[in-house]
1. If you stretched the chain out fully between Glu224 and Tyr211, how much longer would it get, using 0.36 nm times the residue separation minus the C-alpha to C-alpha distance?
2. What is the ratio of the Cα radius of gyration of region 103-169 to 2.2 N^0.38 Å, where N is its residue count, to two decimals?
3. Carbon and sulfur together cover what percent of the accessible area of region 92-229 at a 1.4 Å probe radius?
4. Using 0.36 nm per residue, how much length does the chain from Thr35 to Glu139 gain when fully extended, once their Cα-Cα distance is taken away?
5. Whole number in Å², please: accessible area per residue of the chain, 1.4 Å probe, ligands, DNA and RNA not counted.
6. Please give the helix 2-48 orientation as an angle from the longest Cα principal axis of the chain, in degrees from 0 to 90, rounded to the nearest 10.
7. Please state, to two decimals, what the Cα-based radius of gyration of region 1-128 comes to when divided by 2.2 N^0.38 Å (N = residues).
8. For the chain, what does the relative contact order come out to in percent, with C-alpha contacts under 8 Å and a separation of six or more?
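The values are calculated or read from the model by the stated rules, or taken from the named source; none is laboratory data. Worth saying up front: this structure is predicted, and the values here are computed from it rather than measured. Using ideal geometry, Cβ is built from the backbone for each residue, glycine included, and neighbour counts are taken over all protein chains shown. Side chains are part of the model used for accessible areas, which takes the heavy atoms of the whole protein and leaves out ligands, DNA and RNA. Shrake-Rupley method; radii C 1.70, N 1.55, O 1.52, S 1.80 Å.
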Amino acid sequence: CFVAFGIFAFRKIKRINEEIKERNLIVEQKNKEITDSIQYAKRIQNSILPPTKIIHEAFPDSFVLYLPKDIVAGDFYWMEKKGNKSFISVADCTGHGVPGAMVSVMCSTALTKTVMELDINSPNEILDKTNSLLEERFERSEEELQDGMDIALCTIENMFLEFAGANNSLYYIRDNELVELGADKQPIGKYINRKPFRKHTLELKENDCIYLFTDGFADQFGGEKGKKF
């Protein structure tokens with residue numbers, strides 16, 4: 001009886017191990033399919049980002065630090081050029097990963113349409129119109145969507161800068177002093193008590209350093225107390 005029981009238990013364990021292997025293979029295959037799909041989504045998202053070459057042609061002494069957390073991201077940077085005027089922004093869209101990336105494509109497309117097709121050139125008016133386009137798009141949905149973005153957007157022509165922001169400010173350093181051009185405390189997207197965006201103007205001087213960024217770095221938690229950076 002002991003030998004018969006031992007053989008029965010061995011066969012049962014062997015069958016369980018085979019089932020586990022089969023399930024692991026299925027999981028690995030699904031993970032590969034999902035990862036391949038996200039990698040392809042990254043190629044699509046990258047297509048909306050301005051090439052570094054274009055940015056450096058307009059601003060030789062510049063850099064972009066772009067570090068998506070999950071292959072694709074809700075953060076993106078954007079640039080267009082009309083004549084001597086450059087339009088530059090960085091934006092943080094609702095959500096992370098694939099959902100955030102999908103929103104970023106919609107927001108980038110709305111910005112480009114506003115500037116290149118509707119010929120709106122002032123940064124505050126660009127944000128107002130972009131907001132209207134996105135609200136119109138989301139209102140078509142049968143589901144209630146609360147998506148949108150925070151954004152810092154500026155135009156530069158010769159030595160003259162104009163800026164407008166939705167929750168994200170612009171910072172510049174002049175003579176070793178850090179100065180903030182404050183953003184409006186409202187996002188692009190559905191928002192109660194919305195007001196028209198304000199425009200800041202700045203005459204640039206030689207050696208001014210301008211910075212636009214999202215909260216992706218500053219919002220990281222860490223340290224002994226687990227606080228935001």
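1. Details: separation 13, 0.36 × 13 = 4.68 nm, distance 2.91 nm.
Gain on extension, Glu224 to Tyr211, equals 1.8 nm.
2. Working: Rg = 12.8 Å, N = 67, 2.2 N^0.38 = 10.9 Å.
Cα Rg divided by the expected 2.2 N^0.38 Å: 1.18.
3. Numbers: 4150 of 8380 Å².
Summing carbon and sulfur atoms, their accessible area is 49 percent of the total for region 92-229.
4. Numbers: separation 104, 0.36 × 104 = 37.44 nm, distance 3.14 nm.
Extra length from Thr35 to Glu139 when fully extended: 34.3 nm.
5. Values: 15450 Å² over 229 residues.
I get 67 Å² per residue for this part.
6. That works out to roughly 20 degrees.
7. Working: Rg = 25.6 Å, N = 128, 2.2 N^0.38 = 13.9 Å.
Computed over Cα atoms of region 1-128, the ratio equals 1.84.
8. Values: 341 pairs, mean separation 33.4, N = 229.
That works out to 15 percent.
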